[in-house]
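S.K.: First the structure, then my questions, so here it is.
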Amino acid sequence: MRTVLIDRPAELNAVNADLHRAFAEVWRHLAADQGARVVILTGAGRAFSAGGDLDWITSFLDDPVARDESIREGAQIIEEMLRFPLPVIAAVNGAAMGLGASIAILSDIVLMSDRAYLADPHVAVGLVAGDGGAAFWPLLTPILRTREFLYTGDRIDAATAVEVGLASRIVPADGLLDEARALAGRLAGQPVEALRGTKRVVNMYLAQALAGPMQAGFAAEVVSMQTPEHRERLLALRNRSG
């Protein structure tokens with residue numbers, strides 16, 4: 001069993017350049033770990049991940065090289081998680097927003113604390129929800145519900161997330177990691193090749209369905225990153241948060 005800890009608790013585990021790169025690379029390292037059988041993914045402190053770090057995202061406004069690199073890595077994160085051979089259990093301990101929500105939902109099993117919620121606020125800051133939301137959510141939950149969630153960026157509480165298929169089940173906050181470890185122990189005891197082969201076949205459906213929408217989503221996100229409205233809304237949000 002291995003644990004991947006998103007560890008920027010003072011920033012609610014917001015994703016900056018270093019953490020984004022780590023998310024793109026960690027899956028390959030874990031796949032090469034001969035002792036690994038199951039991975040638990042969780043956040044330090046009171047959040048799972050609040051999404052993109054505002055200072056980092058704001059830097060894209062005047063740095064197209066960094067912007068394009070973030071898009072490339074974003075695609076790599078999704079591709080690597082879909083390709084990753086071991087089961088991943090997301091223990092969603094708090095807010096999972098934007099990329100944080102995408103990474104949680106890309107896991108094989110999503111255990112949500114009763115205090116946690118999901119949200120994808122891309123549209124609210126003038127961006128296309130290209131890093132997984134618009135492409136991935138409609139594969140898991142009814143499109144009518146997906147549209148409302150993505151168009152508004154509203155929070156999705158744990159009960160609603162389970163109801164619509166964006167999470168597996170709710171776990172009391174104080175028992176979340178214990179439950180994740182117990183489930184990881186069960187999965188680690190399953191026949192290795194049978195479990196890996198089953199995951200590979202299931203993820204074939206996701207990879208095939210995502211191929212076109214994911215490319216279109218990232219391309220549309222780049223266009224939206226260059227709009228005056230995105231600049232205005234992002235700077236206003238950063239100023240309010242600063």
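The values are calculated or read from the model by the stated rules, or taken from the named source; none is laboratory data. Remember, predicted model here, so these are calculated numbers, not experimental data. Positions of Cβ are generated from backbone atoms using ideal geometry, with glycine treated the same way; all protein chains shown enter the neighbour counts. Just so you know, the surface numbers come from the protein's heavy atoms only, side chains and all, with ligands and any DNA or RNA stripped out. Shrake-Rupley method; radii C 1.70, N 1.55, O 1.52, S 1.80 Å.
S.K.: Dipole size in debye (nearest 20) for the chain around its Cα centre, Lys and Arg Cβ +1, Asp and Glu Cβ -1?
M.R.: Using only the charged Cβ atoms, the result is roughly 560 debye.
S.K.: Which cross-chain or sequence-distant (5 or more) residues have an amide H under 5 Å from the amide H of GLY51, H modelled 1.01 Å from N in plane?
M.R.: VAL15, MET97, GLY100
S.K.: With the other protein chains left in place, how much accessible area per residue, in square angstrom, belongs to the chain at a 1.4 angstrom probe?
M.R.: 48
S.K.: I'd like to know which of ILE71, PRO87, MET97 lies farthest towards the positive end of the charge dipole of region 59-114, counting +1 on Cβ of Lys and Arg and -1 on Cβ of Asp and Glu.
M.R.: Farthest along the dipole direction, towards plus: PRO87.
S.K.: Tell me, what is the percent relative contact order of the chain, built from C-alpha pairs under 8 Å that lie six or more residues apart?
M.R.: The normalised contact order for the chain reaches 22 percent.
S.K.: Assign unit charges at the C-beta atoms only (+1 for Lys and Arg, -1 for Asp and Glu), then state the dipole size of region 1-56 relative to its Cα centre in Debye, rounded to the nearest 20.
M.R.: 280
S.K.: Hey, another quick one. Applying a 10 Å radius around every beta-carbon, put 228-236, 187-195 in order of their mean neighbour count, most first.
M.R.: Listed from highest to lowest mean packing, they are 228-236, 187-195.
S.K.: Residues with amide H under 5 Å of THR3's amide H, sequence separation 5 or more or different chain, H placed in the peptide plane at 1.01 Å from N; which?
M.R.: Under 5 Å from the amide H of THR3: ILE40.
S.K.: Residue by residue, what Karplus-based ³J(HN,Hα) values in Hz, rounded to whole numbers, does region 199-204 have, using 6.51, -1.76 and 1.60 with θ = phi - 60° and x for Gly and Pro?
M.R.: Going residue by residue, I get 4, 4, 5, 4, 6, 4 Hz, with x marking Gly and Pro.
S.K.: Using only the alpha carbons, work out the radius of gyration and Dmax of region 1-62 in angstrom.
M.R.: Final numbers for Rg and Dmax: 13.3, 44 Å.
S.K.: When all protein chains stay in place, what accessible area (Å², nearest 10, 1.4 Å probe) is found for SER241?
M.R.: Rounded to the nearest 10, that gives 80 Å².
S.K.: Would you calculate the volume per residue, in Å³, of the smallest convex hull containing every Cα atom of region 107-185?
M.R.: Taking the convex hull of the Cα positions in region 107-185, it is 89 Å³ per residue.
S.K.: Could you order TRP56, TRP137 by accessible surface area, starting with the largest, using a probe radius of 1.4 Å?
M.R.: The most accessible residue leads, giving TRP56, TRP137.
S.K.: Tell me, what HN-Hα J-couplings in whole Hz come from the Karplus equation 6.51 cos²θ - 1.76 cosθ + 1.60 at θ = phi - 60° for each residue of region 211-219, using x for Gly and Pro?
M.R.: 3, x, x, 5, 4, 5, x, 5, 4
S.K.: Specify the angular offset, from 0 to 90 degrees and rounded to the nearest 10, of the alpha carbon long axis of helix 64-83 from the longest principal axis of the alpha carbons in the chain.
M.R.: 20
S.K.: To the nearest 20 Debye, how big is the dipole of region 63-150 about its Cα centre, given +1 on the beta carbon of each Lys and Arg and -1 on that of each Asp and Glu?
M.R.: Around 260 debye, computed over region 63-150.
S.K.: Give the residue from TYR205, VAL223, ASN239 lying farthest towards the positive end of the charge dipole for region 193-239; charges sit on Cβ (+1 for Lys and Arg, -1 for Asp and Glu) and the dipole is referred to the Cα centre.
M.R.: TYR205
S.K.: Quick one: Karplus J couplings for region 52-63, per residue in order, coefficients 6.51, -1.76, 1.60, θ = phi - 60°, nearest Hz, x for Gly and Pro?
M.R.: Each residue of region 52-63 in turn: x, 5, 4, 5, 5, 5, 4, 4, 5, 4, 10, 9 Hz.
S.K.: Taking the DSSP beta bridges in the chain as the whole, what percent of them are antiparallel, to the nearest 5?
M.R.: Given both bridge residues lie in the chain, the antiparallel proportion sits at roughly 10 percent.
S.K.: Continuing with the same structure: Just to make sure I understand: if all protein chains stay in place, what is the order of MET214, MET204 by accessible area at 1.4 Å, largest first?
M.R.: Ranked from most to least accessible, the order is MET204, MET214.
S.K.: Got a sec? Charge dipole of the chain, +1 on Cβ for Lys and Arg, -1 for Asp and Glu; which of VAL15, LEU118, GLY185 is way out at the positive end?
M.R.: GLY185
S.K.: Using the Cα atoms as the points, what is the convex hull volume per residue of region 155-242 in Å³?
M.R.: Enclosed volume per residue, from the Cα hull, is 179 Å³.
S.K.: Arrange the residues GLU79, GLU221 by how much accessible surface each exposes, largest first, with a 1.4 angstrom probe.
M.R.: GLU79, GLU221
S.K.: Further question on the same structure: At what distance in angstrom do the alpha carbon centres of region 152-205 and region 71-110 lie from each other?
M.R.: 11
S.K.: Using only the Cα atoms of region 1-143, build the gyration tensor, take square roots of its eigenvalues as a ≥ b ≥ c, and label the shape rounded, prolate or oblate: rounded if a/c is under 1.5, else prolate if a/b is larger than b/c, else oblate.
M.R.: rounded
S.K.: At most 15 other Cβ atoms within 10 Å and a DSSP loop assignment: could you name the trypsin sites (Lys or Arg not before Pro) in region 8-82 that fit?
M.R.: Sparse-neighbourhood loop trypsin sites (Lys or Arg not before Pro): ARG46.
S.K.: Quick check on the chain: what does the Kirkwood estimate of hydrodynamic radius come out to from the alpha carbon pairs, in Å?
M.R.: Across the chain, the inverse of the average 1/r is 18.0 Å.
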